[in-house]
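Have a look at the structure below before the remarks.
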Amino acid sequence: MEPRKQKRVEEEKRAPMLPPRLDPDQLLGKPGPPRRGHENYVRYLHQAIPPMLLDMARDTSGARALVLACLVDPNPAGRDLQTRVLAEQAEEGVLLETLRLWPIVQDLGPGFRLPLVELTLPALRRMSPNQYVVFKEYVGALAVADKAYDFLEYALYRIMAHQLDPVFSGDCPRKREDFYLPQVFDEAKLLLSVLVWAVHTTWEAATEAMGNVAKRLRCPPDRLPLLPPDACALGAVDQALDRLCLLVKNHKLTLLGGSIAAIARDDAITIAEAELLRAVAATLEFPLPTLMPGQLPQVSGD
């Protein structure tokens with residue numbers, strides 16, 4: 001089986017379905033600062049995550065190993081490729097600690113990788129510049145080593161780099177919120193195609209999903225064709241996201257609505273796919289409310 005499809009099968013075995021008839025507007029809710037539901041979820045995470053992992057997330061060395069463990073492939077073939085790459089590039093202790101943590105992270109199931117990475121960020125900010133350079137190389141190598149197209153792995157890498165690069169480079173914050181969707185339509189089309197292929201494994205299903213995206217965006221289907229997988233290289237996505245991050249707020253929200261349509265299947269979404277959507281939103285610097293397993297955030301009019 002193709003590596004990407006195998007990874008998909010492994011995720012679906014572990015991913016409970018959220019309630020059917022999912023309304024994308026419910027999932028979007030009202031992005032912004034944490035509210036009571038988010039605070040409750042933080043408490044839930046602290047109860048569900050083993051104390052050992054919480055302790056490691058607060059320690060610089062442990063946080064690095066924890067992030068790497070979040071990127072380990074559940075598919076044995078992909079995991080073997082990652083192990084070989086990490087063995088060539090990393091110190092033996094890094095490899096052993098990553099493989100020791102991986103089963104614990106895996107047992108938590110889908111929905112915990114992004115929160116775990118977010119928990120490590122304060123500790124990772126305490127690395128030395130040299131440690132960060134080496135760690136970033138490890139993360140990048142691990143994310144692509146399994147040769148399976150996994151946008152979530154890429155998104156976790158981008159979130160980490162976006163949060164940490166300014167800390168270690170000293171770069172000034174860039175100009176924000178310059179663009180409207182028509183100005184970056186090609187970039188949006190690329191991101192949406194990538195998300196479609198991250199979830200749908202056949203051309204027929206992917207084409208149908210892209211049609212749903214066009215409906216959601218009220219865009220003629222011929223203006224929003226599905227790009228083939230070989231046109232969705234991560235390098236191009238990285239450049240596209242750099243520009244999409246500069247969308248004005250309302251147009252980011254519109255793009256996220258299209259992203260839900262790209263990911264959802266039969267008006268349902270798994271925990272793993274909800275995690276992917278949150279990762280996309282985070283890369284756009286527009287965080288979504290966190291979903292508790294089996295629950296949806298309520299629509300808020302305030």
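Just to check your reading of the model, which residue among Ala206, Ala188, Ala198, Ala214 is touching a Phe, Trp or Tyr at 6+ places or on another chain (Cβ under 8 Å), farther than 23 Å from Val139 by Cβ and part of a helix (DSSP H, G or I)?
Ala206
Screening Met56 against (1) within 29 Å of Val194 (Cα to Cα); (2) buried (at least 16 other Cβ atoms within 10 Å of the Cβ) leaves a single unmet condition, (1).
Considering only residues of the stretch 245-262 that are assigned to a helix (DSSP H, G or I) and among the aliphatic types (A, V, I, L, M), which is farthest from Thr202 (Cα to Cα)? Before you say what the answer is, go through the steps one by one.
To start, the set of residues in the stretch 245-262 that are assigned to a helix (DSSP H, G or I) comprises 249-262.
Right, trim to among the aliphatic types (A, V, I, L, M) and you get 253, 255-256, 260-262.
Values: Leu253: 28, Leu255: 23, Leu256: 23, Ile260: 18, Ala261: 16, Ala262: 14 Å.
Filtering first and then ranking leaves Leu253.
Of everything listed in (1) loosely packed, with under 15 Cβ neighbours inside 10 Å; (2) over 16 Å from the mean Cα position of the chain (by Cα), the single unmet condition for Asp238 is (2).
All of Leu121, Leu96 fail the test of being under 10 Å from Ala65 (Cβ atoms) and surrounded by fewer than 19 Cβ atoms within 10 Å (Cβ to Cβ), apart from Leu96. Going by the structure shown, is Asp107 modelled with pLDDT of 85 or more, loosely packed, with under 15 Cβ neighbours inside 10 Å and at negative phi? Yes. Scanning the stretch 170-189 for residues that are modelled with pLDDT under 80 and either closer than 27 Å to Pro225 by Cα or of a type in the set (S, T, N, Q) (or both) gives a single hit, Glu177.
Of note, Arg243 satisfies the criterion of being charged (D, E, K, R) and within 13 Å of Pro182 (Cα to Cα). The set of residues in the stretch 218-231 that are in a loop (DSSP other than H, G, I, E, B) and more than 22 Å from the chain's Cα centre (by Cα) comprises Arg218, Cys219, Pro220, Leu224, Pro225. The residues in the stretch 107-134 that are touching a residue at least 40 places away in the same chain (Cβ under 8 Å) and either among the polar types (S, T, N, Q) or in a loop (DSSP other than H, G, I, E, B) (or both) can be counted, and the count is 9. If a residue has to be over 21 Å from Leu108 (Cα atoms) and touching a residue at least 24 places away in the same chain (Cβ under 8 Å) to count, how many in the stretch 78-97 make the cut? Of the residues in that region, 7 qualify.
Could you say whether any residue in the stretch 232-244 is in a helix (DSSP H, G or I), over 23 Å from Ile159 (Cβ atoms) and not aromatic (Phe, Trp, Tyr)? Within the stretch 232-244, not a single residue is in a helix (DSSP H, G or I), over 23 Å from Ile159 (Cβ atoms) and not aromatic (Phe, Trp, Tyr).
When Pro74 is tested against (1) over 18 Å from Lys136 (Cα atoms); (2) part of a helix (DSSP H, G or I), exactly one condition is not met: (2).
Out of Pro24, Pro34, Pro20, report the one residue that is at pLDDT below 90 and touching a strand residue (DSSP E or B) at 6+ places or on another chain (Cβ under 9 Å). Steps first, answer last, please.
Values: Pro24 fails: touching a strand residue (DSSP E or B) at 6+ places or on another chain (Cβ under 9 Å); Pro34 fails: touching a strand residue (DSSP E or B) at 6+ places or on another chain (Cβ under 9 Å).
Every option except Pro20 fails the conditions.
Applying the condition of being closer than 16 Å to Val199 by Cα and part of a loop (DSSP other than H, G, I, E, B) to the stretch 263-302 and asking which residue is modelled with the highest pLDDT yields Ala264.
The values are calculated or read from the model by the stated rules, or taken from the named source; none is laboratory data. Keep in mind it's a predicted model, so treat the numbers as computed, not measured. Every residue, glycine as well, gets a Cβ built from its backbone with ideal geometry; the counts of neighbours run over all protein chains shown.
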